[in-house]
Structures are given as structure tokens and as C-alpha cells.
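This report refers to the structure that appears directly beneath it.
The values are calculated or read from the model by the stated rules, or taken from the named source; none is laboratory data. These figures come from a predicted structure and were not determined experimentally. Counting neighbours? That spans all protein chains shown, and the Cβs are built from the backbone with ideal geometry, glycine included. These area figures cover heavy atoms from the full protein model, side chains too; ligands, DNA and RNA do not enter into them. Shrake-Rupley method; radii C 1.70, N 1.55, O 1.52, S 1.80 Å.
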Amino acid sequence: MNHLELFENIVRKKSYLCVGLDTEMEKIPSFLLKAKDPVFEFNKLIIEATSEFTVAYKPNVAFYECNGANGWKSLESTVTYIKKNYPDIFVIADAKRGDIGNTSKMYAKAFFENMPFDAVTVAPYMGEDSVTPFLSYSNKWVVLLALTSNRGADDFQYHNEDGIKLFERVLSVSNKWGSNDNLMYVVGATRAEMLKEIRKIVPDHFLLVPGVGAQGGSLAEVTKYGMNNKCGLLVNSSRGIIFADSTENFDKVAGEKAKEVQLEMEKYLSERNLI
């Protein structure tokens with residue numbers, strides 16, 4: 001899936017919503033715990049309820065790795081199910097990998113060959129040769145960490161040297177490694193005001209923006225500062241959708257929450273004359 005195809009899906013669905021599948025066993029409704037694979041059954045019902053309103057899903061790999069081999073099976077079942085039943089939906093492995101080149105090559109193989117992910121989140125700290133193995137796959141994406149929403153982001157990402165902040169250097173250097181067809185950036189929604197500055201450096205790339213919903217980020221602010229003439233945004237919501245309800249109606253409520261976000265996004269897309 002390239003940049004244009006992703007934008008076409010946004011226009012068709014009138015949405016730039018990414019649903020985070022950060023599934024915790026402790027929060028799954030109790031009636032699902034009898035299933036052979038409770039995590040997959042939960043995900044499947046969430047996907048079926050929200051697929052109409054979303055253009056992307058983002059499983060955070062940590063929530064699967066913590067369950068050992070069974071967790072990896074749940075993850076593989078989830079992404080395979082999405083790609084089989086909703087092939088137009090963009091699927092991101094939120095894995096935050098980043099290591100020396102030959103190790104990154106193996107990470108890329110894990111997510112792009114052994115599982116049908118469209119994209120993987122990657123940390124830029126070790127530089128170009130740690131990222132290029134992911135970029136060597138056609139029709140696959142790197143989602144590079146640029147400016148995160150956690151409190152600790154202040155420790156390094158805003159470090160200023162010669163008037164250039166570290167996250168700005170990450171953007172300006174890395175955008176030469178790929179193109180807007182295979183490279184996008186993570187920018188936290190709780191730093192929405194910084195999107196205006198980020199757009200000066202990477203005006204055409206997609207931005208994956210977590211932190212809307214339970215983390216307190218504002219969709220209106222993210223859209224105001226981050227949207228470009230091809231939308232250029234995938235805005236993620238996890239807990240605010242998938243754990244909005246813990247009863248047997250959890251999937252229906254998740255669908256309603258996703259629709260609420262989609263309708264707000266539709267309004268913003270219309271205001272920008274993108275739909």
C-alpha cells in the first residue's frame with residue numbers, strides 16, 4: 001500500500017482513525033476467557049465492530065510478547081485475520097525495534113515475511129543502517145519515532161544544539177532515507193502544538209499520532225496543526241475504544257466509540273475539502 005492508496009482509503013471511509021489493539025488479558029470480558037485464544041477472540045470482535053470506521057489497526061507487540069508463545073500466536077492470528085477479511089486496512093506492528101543492521105534485518109523478516117504487517121515502528125537512535133533493512137521491502141513502511149508523548153520525551157528529544165532540537169534532526173536526516181511512500185513518523189498527540197513545526201520539515205509524509213482519547217490528546221488540535229493536502233494523518237486511539245465497555249456488549253460499544261471519532265474526522269476532512 002503506497003501513500004496514494006492510503007489517502008484513497010481515508011477519503012472512501014471518511015476517516016483517518018487507527019485503532020490500537022493493545023489487548024490486556026486482565027481487561028478482556030470474562031465470558032471470552034473460556035475461548036481457546038481469548039486475546040484473538042477479543043480482537044476479532046473488536047475488528048468486526050470497528051472496521052467500518054477505521055483505516056488502520058496497530059497491535060502493540062508488547063501486549064502479545066508478555067504471553068510467550070501463545071501471545072505470538074494471538075498476534076499472528078490477529079494480523080492474518082485482518083488481512084484476509086479487510087485487505088484494504090493498513091496494519092502496523094507497534095514494535096519499536098532498532099538495532100544493528102543484521103539484527104534489524106531479522107526483525108524486518110519477522111514482521112514483513114512471517115506475518116503480513118504493512119508497517120513496523122522503528123527507533124532511530126542507531127542511525128541509517130539500523131533502519132534501511134526495513135525500508136528494503138517493497139510496499140512496506142517504516143514508522144519512525146520522532147516525538148513521543150510520554151513525560152520522559154523531555155529527557156532527550158528536546159535537546160537543543162545549535163538551535164536544532166534532537167527530534168528535528170531525526171526528521172531532517174531520516175527523511176532522506178526513504179520517501180513518503182515508505183516512511184512515516186510517530187508524533188504524540190499530547191504534543192500537538194509541535195506538529196506545526198514538524199510539518200515545516202516533513203510536509204508530505206504521513207504522521208502516526210498516538211495519544212488521542214484516554215491519554216488526553218485533542219483530535220481537533222492534532223488535525224489543526226498536522227493535516228496536509230493528502231490528510232497525512234493516522235490518529236490512534238486504543239483504550240478509549242477497545243476497553244470502553246467490559247460487558248458482553250463490549251464490541252458494540254467499541255463500534256459506537258469508533259463511529260464517534262470517525263464522524264468528527266469526517267467533519268474535519270470536509271472542512272479541508274478533502275472529501
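Details
- Flag if Phe53 is open to solvent by 10 Å² or more (accessible area, probe 1.4 Å), touching a residue at least 60 places away in the same chain (Cβ under 8 Å) and part of a loop (DSSP other than H, G, I, E, B): yes
- When residues of region 150-185 are limited to those that are farther than 24 Å from Phe117 by Cα and among the small types (Gly, Ala, Ser), the one surrounded by the fewest Cβ atoms within 10 Å (Cβ to Cβ): Gly163
- Conditions (1) among the hydrophobic types (A, V, I, L, M, F, W, C); (2) within 25 Å of Lys176 (Cα to Cα); (3) open to solvent by 30 Å² or more (accessible area, probe 1.4 Å); number of the one not met by Trp72: (2)
- Among helices (runs of 4 or more DSSP H) entirely within region 218-275, having at least 2 residues that are modelled with pLDDT under 95 singles out 219-226, 239-242.
- Those residues of region 210-255 which are open to solvent by 70 Å² or more (accessible area, probe 1.4 Å) and free of Cβ contacts under 8 Å to residues at least 12 places away in the same chain, in sequence order: Asn249
- Pick from region 13-45, criterion of a type in the set (A, V, I, L, M) and farther than 30 Å from Lys267 by Cβ, ranking: most open to solvent (accessible area, probe 1.4 Å): Leu33
- Reported count of residues in region 147-173, each being under 20 Å from the mean Cα position of the chain (by Cα) and within 21 Å of Ile100 (Cβ to Cβ), is 1.
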